[in-house]
Amino acid sequence: MSLLGGIRPPITVLSVLLLALAGFTAVTLGSVREGRLPAAVLTSQQHFAEDGAVALRASLDESVTDLDRAASLFSTGKPVPPDAVLDKIGSVYQKWRGTAVVEISSGRLLAARGENLPLTAIDRTRLTGEGGLAPRMVKLSNGETRLLTLSLLSFKDQPQQLLVASSSLRFPGISLGNFRAIAVVGSDGTVLSSDGIPEPEMVLTDLQRADVKRDTKQLRSFAKTAAKRTKANPLTTKEPGSGGFPGVSGSLTGGEWGGERAAAGYARLAGPEPGVGTSATSLELTVVAMVNVAQNPARTSDAFAGLLLAGALLLVGALVVALLVGTVQRPLITLFLEGRRLTRGDLTRPVSVPRGSEAARIGTALERLRGQLADQDQDAPRPPDPSGRRKRRTGARTLLALCGVLLLAWCVPLGLLVNRAGADVVVPQQLVNDQRERTDTLNDRIRRALNEGQADLQSVASLMGDDTTPQHMTTVLERTAREHLRYDSLYVLDAGGKVLAQAGGAPQAAGAKGPRKEPISLHEGKKPVVVATAQLPGDSGSAVVGELRIDFLNSLLKRPGLGEIRVVDSQHRVIASNNGYRAFEELGDERLDALVEGSALKVGMAPRPGSVLYRSGGDHVIAAAAPFVGGGAAKPLDWTVVSWQSAKGLAIHEYSLQNRTVLAGLLGFAVGAACLGWLQIIVIAPLRELARRAEALADGDRRTVLYPRHHDEVGAVTRSLEIIRQQLQQQRKQAGGRASAPAGRN
């Protein structure tokens, strides 16, 4: 018999798999446990920390790039006084707390702006070595940490100068809500900067001071633990909820106080792609986000229900296996033994004919063939079929279909009826709050990215004038396009709309009316084009224009754990998305439109982000909207970032139980389809063909050779029938010889 052929292997495998599935059902459906803090809440904190890590890494890398590019642009032109360098940088970028220009050879301070910089922390003798200009962290006398960014100014016939800028390790535009704290942690677990926890002197009561002290202690404990865990290799670390974050991230739980438990997410600064380092990632910083979450009563699924479902499966499985063994396996083995007995010449006993299906037809044919083998007079007329008219019997395919129906009777209710999550699903309020805060953070990131793009153009425009040649303009534009991939096209327009210099792709928004007056505007063509404009110094009316890639905006929206994300304009038309979309299409949901309109209403001095939990199509949906708020060139765009996701995909108790129940039903369907299909292909189909051939042989077809398909029980019966066919042919030849011999003697 073949290893995978025959009647026994599929039935045996079906029995084992159904037994394993029953155990899986009893264990998984009877032990779906939800802790006092749902897993979905912990995963949400992890995603929040990842957002902070992405924003901090992008901000630090952008600062390094901006300072290097500004120094490079200054170095390509005529010598500029140090004070003028710092004034121009300060007028374009407002991100640095302090800037300075130092003469490298002598160490003399040539110019300074903002706070005093700890220049003694810079070893000027090692600037030319590997990593000499890498950003570095220094601690001030007041305990605060500053990040120093360095770049070189090289003017012809002048000593080389060092451009230094300092910035704090604070998060740009992270929306914390009312009760969240976030911190930047060093590689040794030290909290370098934090936000969200007030200073003790800022609170009024002793109870509030105790809360501040407890939260500060808890945050430091989280920082120590997160620093240890983030030292792992991100390529070998996979934690639930990490999603598409390229670095190491996870979640932590802390102490309990007043019915609340501290939950935290942590994420180490990682490059835009796995394995790709940046200036910011070399600092080995970790972001920790902490929030106190109200605990829910711990819930578990009913163990008896799991045992009941497992018992039902065992009962169905036993019935299916018994039906297959009694109607297919045993009759086929009986035919195998009877056929082998006939081929050995044992014709005295009648053939034991099985009941029903194709096995009975083959058994009846064997009995007729036994009579023909025992009858030596082959010329005598054969007796008619003893069964007379053949009865219509229940076929093996019908029995196989019945087995499938029995298995479906267990699988289908599990997938459609049992443990369905209904309207009583408890969605933690913290998830709704996190959706709102994360959407607001993403909104600020997009707004800052647009402002940075316009600031880059201002920096480029400040180095041009009426006497700048088109060749020099093209050189500067090409360098900017190489350094910043956000631009699809860069060009300089004069007051009449003529393109004086151009780099990148062909302009799409260059009109004959000259440069746009708005710093950032939207050009509505076949696809959205964000146009940033910076006027050149002087009264010529010329301007540097940059067309931002819409794919650049789409890439900013790819954040795990937020679901569907759209950027819409004031008319609720889609401008950018994290998934496929049509330009300027409508949101297509009245609730989302109402949410966008509601978030645009001013609460106090400015609009506020909003979130809502509603039911749609039987599922709970968490949605949030955050309008552009804050200064900068992008504010007049009046855009809103909208996000929504179904709570069905979150690790919530009711949905986890439903998903596991559906999984058990699908596994049962897969097991039944695989094993019954295996049985149909290997046994049932060849058995039906064999029944037809056996009846034809019994009816007198001696010419058709019978070939076995497989080396199994059906193949063995086929070989026995072929031997019988050959024996009948030999008997006929012998009978013909005996009949011709007497005729010859006469």
Hydrodynamic radius by Kirkwood for the range 143-276, inverse mean 1/r across distinct Cα pairs, in Å, is 17.7 Å
Between the Cα axis of helix 685-698 and the main Cα principal axis of the chain, the angle (0 to 90°, nearest 10) is 20 degrees
Asserting the computed 222 nm helical MRE of the chain (DSSP H runs at least 4 long, -39500 (n - 2.57) per run, divided by residue count, to nearest 500) equals -14500 deg cm²/dmol
Of the accessible area of the chain, computed with a 1.4 Å probe and all protein chains kept, carbon and sulfur make up a percent value of 54 percent
For the range 534-596, the dipole about the Cα centre with charges only on Cβ (Lys and Arg +1, Asp and Glu -1), to the nearest 20 debye, works out at 280 debye
By the mean-Cβ-within-10 Å protection proxy, highest first, 139-147, 437-445, 74-82, 530-538 rank as 437-445, 530-538, 74-82, 139-147
Residue-ordered couplings for the range 399-404, obtained by feeding phi - 60° into the Karplus form 6.51 cos²θ - 1.76 cosθ + 1.60 and rounding to whole Hz (Gly and Pro as x), are 5, 5, 5, 5, 4, x
For Ser542, the residues 5 or more places away or on another chain with a placed amide H closer than 5 Å to its own amide H are Ala495, Leu536
The size of the Cβ-based charge dipole (Lys, Arg +1; Asp, Glu -1) of the chain about the Cα centre, to the nearest 20 debye, is 4120 debye
Computed over the range 462-535, the relative contact order (Cα-Cα under 8 Å, seq sep at least six) in percent reads 21 percent
Residue separation between Gln429 and Glu273 times 0.36 nm, minus their alpha-carbon distance, gives in nm 52.9 nm
Any residue on another chain or 5+ positions along whose placed amide H is under 5 Å from the amide H of Asp488 is listed here as Glu547, Leu548, Arg549
In order over the range 548-562: 3J(HN,Hα) from phi, Karplus 6.51/-1.76/1.60, θ = phi - 60°, whole Hz, x for each Gly or Pro, gives 7, 5, 5, 5, 5, 5, 4, 5, 5, 8, 7, 10, x, x, 10
With Rh as the Kirkwood radius over Cα pairs, the range 1-152 has Rg/Rh of 1.44
Note: Thr704 to Ala294 extended length (0.36 nm per residue) minus current alpha-carbon separation gives 139.6 nm
Toy charge model, Lys and Arg Cβ at +1, Asp and Glu Cβ at -1: the range 324-363 dipole around Cα centroid in debye, rounded to 20, equals 80 debye
Nearest 10, in degrees from 0 to 90: the angle of helix 590-599 to the longest Cα principal axis of the chain is 20 degrees
Placing each pseudo-label 7 Å from Cα in the direction of the beta carbon, Phe304 and Lys733 end up separated by a distance in nanometres of 7.6 nm
Computed from the beta carbon distance with a Förster radius of 60 Å, FRET efficiency for Asp494 and Lys213 to the nearest 0.05 stands at 0.40
Sorted by chain and then number, the residues having a modelled amide H within less than 5 Å of the amide H of Ala501, at least 5 places away or on another chain, are Val492
Sequence order, the range 183-199: Karplus ³J(HN,Hα) from phi using 6.51 cos²θ - 1.76 cosθ + 1.60, θ = phi - 60°, Hz rounded, Gly and Pro as x, gives 9, 9, 10, x, 5, 8, x, 7, 6, 7, 7, 8, 8, x, 9, x, 6
The farthest towards the positive end of the charge dipole of the chain, of the residues Leu109, Pro519, Ser175, given +1 on Cβ of Lys and Arg and -1 on Cβ of Asp and Glu, is Ser175
So the FRET efficiency between Arg591 and Arg692, C-beta based with R0 = 56 Å and rounded to 0.05, is 0.30
Full extension between Ser91 and Ala506 adds, at 0.36 nm per residue less the Cα distance, a length in nm of 146.4 nm
The FRET efficiency for Glu201 and Asp157, from their Cβ-Cβ distance with R0 = 45 Å and rounded to 0.05, is 0.25
From the Cα centre of the range 43-81 to that of the range 402-473, the distance in Å is 22 Å
With label points set 7 Å from each Cα along the Cα-to-Cβ direction at Glu478 and Arg355, the distance between them in nm comes to 9.2 nm
Computed over the chain: longest principal axis from alpha-carbon atoms vs helix 470-483 long axis, angle to nearest 10 degrees, is 50 degrees
Expressed as a whole-number percentage, the relative contact order of the chain with C-alpha contacts under 8 angstrom and at least six residues apart is 17 percent
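The values are calculated or read from the model by the stated rules, or taken from the named source; none is laboratory data. Computed from a prediction, not measured in an experiment: that's the story for all the values here. Note: ideal-geometry Cβ built from the backbone for every residue, glycine included; neighbour counts use all protein chains shown. Keep in mind that these areas ignore ligands, DNA and RNA; they rest on the heavy atoms of the full protein, side chains included. Shrake-Rupley method; radii C 1.70, N 1.55, O 1.52, S 1.80 Å.
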